[in-house]
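Worksheet: the structure to be examined is printed underneath.
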Amino acid sequence: MISDNGIPGDVVPAGRMAGSEQPVLALPGGLQLRPWHLDDADSLLTAAEDPAIRRWNRFAVGSREEAHARIERMHARWRAETFAVWAVAAPGGPAVGLCAWGDIDLHAGSAEIVYWLLPEARGGGIAVEATRRLSRWALDDLGLHRLRLCHSVANPASCRVAEKAGYTYEGTQRSALLHADGWHDQHLHARVAGDTA
């Protein structure tokens with residue numbers, strides 16, 4: 001979009017997210033991506049105790065009240081158009097994972113994907129399918145232009161997710177992520193509108 005003075009305007013108009021309900025998106029195998037509910041608090045508490053999730057994702061939830069507050073914040077961030085968080089779940093079932101767009105910048109048309117799965121959901125390609133589905137939504141439905149997937153170089157599983165989901169490796173960012181054990185270099189992968197997956 002070009003403004004009257006010739007300077008590019010917003011890639012995605014403000015209000016596109018906030019003006020609509022967060023969609024439920026189907027995944028293969030009978031799973032879906034759906035908004036988080038307050039009764040998903042136990043899933044957040046379980047995730048906060050899982051060593052693999054704690055290692056690669058920087059969040060802490062120590063009580064049911066904190067989990068409820070986090071879920072309410074997810075909905076507020078959708079309305080603020082800064083974050084879009086889905087639960088991975090069977091219809092009517094508990095959340096077994098999270099897949100989200102963070103750092104959403106509608107003006108620049110970009111966002112970064114984040115995800116995790118509880119142990120019982122790992123190993124079956126769910127992270128790849130969720131990443132593919134949310135990428136299609138972000139590019140085709142929302143109208144973003146560039147999507148990022150970043151992960152520690154010490155996390156080869158996320159590298160495989162990126163490759164299988166059609167994200168091109170663009171380079172290594174030195175000392176870019178602070179984890180519990182110190183600073184990690186991170187791989188940067190990306191998809192842009194028009195890429196094929």
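The 1.4 Å probe gives accessible areas that order D195, D50, largest first, as D195, D50.
Helix-only arithmetic for the chain: the sum of -39500 (n - 2.57) across DSSP H runs with n ≥ 4, divided by the residue total, places the mean residue ellipticity at 222 nm at -8000 deg cm²/dmol. Listed options for log10 I(q)/I(0) by the Debye sum over Cα atoms at q = 0.09, 0.16, 0.17 Å⁻¹ are (i) -0.29, -1.03, -1.19; (ii) -0.33, -1.09, -1.23; (iii) -0.40, -1.00, -1.09. The value calculated from this structure is the one marked (ii). Summing +1 for each Lys or Arg and -1 for each Asp or Glu among the other residues whose beta-carbon sits under 11 angstrom from that of G125 gives +3. Residues R73, R58, sorted by accessible area with the largest first, give R58, R73 [1.4 Å probe; ligands and nucleic acids excluded]. Leaving out ligands, DNA and RNA, and with a 1.4 Å probe, what % of the accessible surface on the chain is carbon or sulfur? The C+S portion of the solvent-accessible surface of the chain is 52 percent.
Heavy-atom accessible surface of the chain, averaged per residue, reaches 51 Å², computed with a 1.4 Å probe.
The values are calculated or read from the model by the stated rules, or taken from the named source; none is laboratory data. Being a predicted model, the structure only gives us computed values, none of them experimental. Quick reminder, even Gly has a Cβ in these numbers, built from the backbone with ideal geometry, and neighbours come from all protein chains shown. Ligands, DNA and RNA are stripped out before the accessible areas are found, and what is left, the full protein with its side chains, is counted by its heavy atoms. Shrake-Rupley method; radii C 1.70, N 1.55, O 1.52, S 1.80 Å.
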